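The structure under discussion appears below in the form of structure tokens.
The values are calculated or read from the model by the stated rules, or taken from the named source; none is laboratory data. Quick caveat: nothing in here was measured; it's all calculated off a predicted structure. Here the Cβ is made from the backbone with ideal geometry for all residues, glycine too, and neighbour counts use every protein chain on show. The accessibility values were calculated without ligands, DNA or RNA, using every heavy atom of the protein model including side chains. Shrake-Rupley method; radii C 1.70, N 1.55, O 1.52, S 1.80 Å.
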Amino acid sequence: MRRPAIGVTLAVDEADPVRFTVRQDYVRSVDQAGGLPMVVPPLDGESAAQMLERVDGLVLTGGSDVDPALYSQSAHPKLGAVFRGRDEFEIALCREALRRDLPILAICRGHQVLNVATGGTLFPDIPSQVSGVVDHDPHTERWERAHDVQVLPGTRLREILGRDEVGVNSFHHQAVKDLGRGLVVSARAADGVIEGIEAPDRRFALGVQWHPESFWREPEGFRPLFDTLVKEASSR
Ligand code: MN
């Protein structure tokens, strides 16, 4: 049986930017769900469209901060390293995938890319911009749950997870601020930080601020997210 090809975007290694990297957790999660993981390196926008002709679905992975200039804001003192080439490529890739109605699972930075690609904005640094008691970057192990999120009724995320509240890991200091066009909020942390977004008029375009792929070894993890991505990709 032909397995649907799932593009998995490559990150730029902050410690050694001549290298691209990808955490095995993304690859394992897609493989476990029955998808065929295919790495997608950042090139130019025209290449993005051609790459999408060869895959059936897309995982936008985590990584460095998105350049605030791409959502019309000036640099913030707490901004981390930015890689404009990857940002521009993934924004082009995401827009084209939405146009084609290709299934997208957007994770952490990817969730932020989905928002920026549709005209939304970000908080460049949660601790200096959002008042709250939730630590979104507590330096835990990848698979440790750091805080709860409320999953909103009537959303695709709620349908997939089957729960109103779920514990998630958290490795981010940025967050979605103003929503992009066509997006709705699907999950929030107790401090109001947006932890899930989705495009209801697309087949499957869903962003989560946490890292569901890090739980692939756990039966109680987030396999249904990857299962749904692969199912939607295989029915195209
Ligand atoms: Mn968080």
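The residues in region 113-132 that are touching a helix residue (DSSP H, G or I) at 6+ places or on another chain (Cβ under 9 Å), open to solvent by 10 Å² or more (accessible area, probe 1.4 Å) and either within 14 Å of the ligand (Cβ to nearest atom) or farther than 19 Å from A69 by Cβ (or both) can be counted, and the count is 2. Does any residue of region 17-36 turn out to be in contact with a Gly (Cβ under 8 Å, 6 or more places away or on another chain) and crowded, with 20+ Cβ neighbours inside 10 Å? Within region 17-36, one or more residues are in contact with a Gly (Cβ under 8 Å, 6 or more places away or on another chain) and crowded, with 20+ Cβ neighbours inside 10 Å.
One residue stands out in region 151-174 among those that are without any contact (Cβ under 8 Å) to a residue 40 or more places away in the chain and in a helix (DSSP H, G or I): the one that is farthest from the ligand (Cβ to nearest atom), namely E159. Just one of (1) farther than 20 Å from D135 by Cα; (2) open to solvent by 20 Å² or more (accessible area, probe 1.4 Å) fails for G180. It is (2). Of all residues in region 191-201, one or more are free of Cβ contacts under 8 Å to residues at least 24 places away in the same chain, crowded, with 22+ Cβ neighbours inside 10 Å and among the hydrophobic types (A, V, I, L, M, F, W, C). Picking from residues in region 38-74 that are without any contact (Cβ under 8 Å) to a residue 24 or more places away in the chain and assigned to a loop (DSSP other than H, G, I, E, B), the one that is most open to solvent (accessible area, probe 1.4 Å) is E53. The condition (being within 16 Å of the ligand (Cβ to nearest atom) and in a loop (DSSP other than H, G, I, E, B)) is satisfied by just one residue among D201, D178, D148, D135: D135.
Within region 219-235, the presence of at least one residue that is open to solvent by 50 Å² or more (accessible area, probe 1.4 Å), outside any loop (DSSP other than H, G, I, E, B), among the polar types (S, T, N, Q) and at pLDDT 95 or above is confirmed.
Selection over region 100-112 of residues that are open to solvent by less than 50 Å² (accessible area, probe 1.4 Å) and either among the charged types (D, E, K, R) or in a helix (DSSP H, G or I) (or both) gives a count of 5.
The single condition from (1) over 18 Å from H111 (Cα atoms); (2) touching a strand residue (DSSP E or B) at 6+ places or on another chain (Cβ under 9 Å); (3) away from the ligand (no atom under 14 Å from the Cβ); (4) open to solvent by less than 80 Å² (accessible area, probe 1.4 Å) that W216 fails is (2). Among the residues of region 161-177, those that are open to solvent by less than 40 Å² (accessible area, probe 1.4 Å) and either more than 16 Å from the chain's Cα centre (by Cα) or acidic (D, E) (or both) comprise L161, V166, G167.
Checked against the criterion of being at pLDDT 95 or above and of a type in the set (K, R), region 71-80 has no qualifying residue. For region 66-94, the tally of residues that are on the phi < 0 side of the Ramachandran plot and either touching a Gly at 6+ places or on another chain (Cβ under 9 Å) or polar (S, T, N, Q) (or both) stands at 12.
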